[in-house]
Amino acid sequence: MRVGVFHPGTQHSWQTAVGFQNAGLLAWYATSVFYDPARWPYKLARYLPRKMSDRLNHEFRRRQYAPLNPAKVRQFGLWEWSEVLLRRIGRHALAEHCNEHGNRAFCKQVVRLIEREPVDILWGFNTSSLEVFQWARKRGIRCVLDQTIGHPAAQNQVMFQERERHPEFFIDSYRPLDQACIDRQNAEVAEADLVVVGSEFCASTMVENGCDPKKVLVVHYGYDESVFPAQPPQRSRSGNRPVQYLFAGEIGPRKGVAYLLQAFENVPADKVQLTLVGRLAIPATTFKRYEDRVRYVPQVPRSEMARFFTEADCFVFPSLFEGSAIVLYEACGAGLGIIQTDRCGDGVRSAENGCVLKEISIQALTSAIESVASDPGLCERWQSASWAMRKERTWADYRQRIVNLALQVSH
């Protein structure tokens, strides 16, 4: 059996590809950008002044994953480079335009790749699989859609309500997902033999919007055990120091940032402190109101995130809409307590390693934050429970599950 995995960006596609690679099933992994110092444009860094070369290499290495054999990688990435650049300079609307057109161009390239290097199973990702699946199904190739977020119609509904509540947290370029996007999603689902999602919440949004329940399968994600500690981090609340909270991800409305920033404003700084790591996706004028109350770190490569988790006491993630947040698994990998909503994925289990908010509100989140600050033993119990369950939440477990799944699909 030969499996082709394709994704114009990253998400967890590297882990999917490595899972099939380690099982001897990966024919190729197609993407837009993957760092290989032996290829252009990555070789460009060799010929630049040292300071510029270091900066460029640091940026390139954001798209590098050592366990994935570069010989298995097929790249075609002009649109992705354009999208990344536009997002970096704040041109989000143009970046979305590049993403839409880039996904279609990427699909055409993948079809040509399959003609050159045939496969038995295709593993694609939402928004970038439709044309590939349409071509492949006519030729008897099995198609798996990896749905990384809930259905776009459900997302629009959630975001419409949020914009009504907190309009000041939305950037001017924000637009709901249009009907063409929703139609494309529905067509991808129709063409897929199987739709794999990361959480029960994500599955529910797909079924509620017309996906056959028999087609949907939940496969939980994981954390990279190679970059997280093998021993429990030493954390002490000696001297009544503030509880160190961490949020990681895009700092925008969908992630519940309006609730997060206002909740921390309600609790004294000598009791709790918050570090935000990720790309800022709210207006600068709105963030300025809260910037003295938080520590802000712009987005960093995922390989460098482990230290932020190990330095924290508790992870807080009040997201309004997800597929399944990988950061929850990383919080477990670092032995952190977790505060989350019921729309994030598989972080808190049976209330042992944290709490799932009963409602998404500033009051509920403030109460959860304060409960940890007032009871040091609570956070320590959460941390111990996360550490105890970390071994069943690794990417290694995920990789084995998807290989087993592919073997079932092939029959």
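Data overview
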read-out: Spread of Cα-to-Cα distances over 10 Å intervals beginning at zero, given as percent, for the chain; value: 4, 21, 32, 27, 13, 2, 0
read-out: GNM top mover of V356, V348, V111 - the chain, alpha-carbon springs below 10 Å; value: V111
read-out: Max mean-square fluctuation residue, GNM over the chain, Cα-Cα springs under 10 Å, options A203, A368, A66; value: A66
read-out: Highest average packing first - 174-183, 133-142, Cβ atoms within 10 Å; value: 133-142, 174-183
read-out: Percent carbon-and-sulfur accessible area, the chain, ignoring ligands, DNA and RNA, probe 1.4 Å; value: 51 percent
read-out: With 5 Å bins from 0: P(r) over the stretch 217-294, alpha-carbon pairs, percent; value: 3, 11, 19, 19, 15, 14, 13, 5, 1, 0
read-out: Per-residue SASA entry for S204, accessible area with 1.4 Å probe, Å² rounded to 10; value: 40 Å²
read-out: Accessible-area order (highest first, 1.4 angstrom probe) of the listed residues K358, K51; value: K358, K51
read-out: Heavy atoms of M159 accessible to a 1.4 Å probe, total area in Å² rounded to 10; value: 10 Å²
read-out: Part-to-part distance (alpha-carbon centres) for the stretch 337-376 and the stretch 4-25, which is given in Å; value: 33 Å
read-out: Residue order for D146, D54 - accessible surface, 1.4 angstrom probe, largest first; value: D54, D146
read-out: Computed Kirkwood radius, in angstrom, where 1/r is averaged over Cα pairs of the stretch 261-312; value: 12.2 Å
read-out: Packing-based ranking, highest mean first, of 23-32, 325-334 given that Cβ atoms within 10 Å are counted; value: 325-334, 23-32
read-out: Per-residue SASA entry for I114, accessible area with 1.4 Å probe, Å² rounded to 10; value: 10 Å²
read-out: Per residue accessible area of the chain, 1.4 Å probe, in Å²; value: 45 Å²
read-out: Average Cα contact separation per residue, the chain, under 8 Å, 6 or more apart, as relative contact order %; value: 15 percent
read-out: Highest average packing first - 303-309, 243-249, 229-235, Cβ atoms within 10 Å; value: 243-249, 303-309, 229-235
read-out: Volume per residue that the Cα convex hull of the stretch 294-341 spans, once the total is divided by residue count, Å³; value: 97 Å³
read-out: On Cα atoms only, tilt of 78-88 relative to the major axis of the chain in degrees; value: 20 degrees
read-out: Most mobile of C211, C202, C344 in a GNM of the chain (Cα contacts under 10 Å); value: C211
read-out: Exposure rank, largest accessible area first [K271, K214; 1.4 Å]; value: K214, K271
read-out: Degrees, to the nearest 10: 13-22 long Cα axis against longest axis of the chain; value: 60 degrees
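The values are calculated or read from the model by the stated rules, or taken from the named source; none is laboratory data. Source: prediction; values computed, not measured. Heads up, the Cβs are rebuilt from the backbone with ideal geometry, glycines too, and the neighbour counts pull from every protein chain shown. The accessibility values were calculated without ligands, DNA or RNA, using every heavy atom of the protein model including side chains. Shrake-Rupley method; radii C 1.70, N 1.55, O 1.52, S 1.80 Å.
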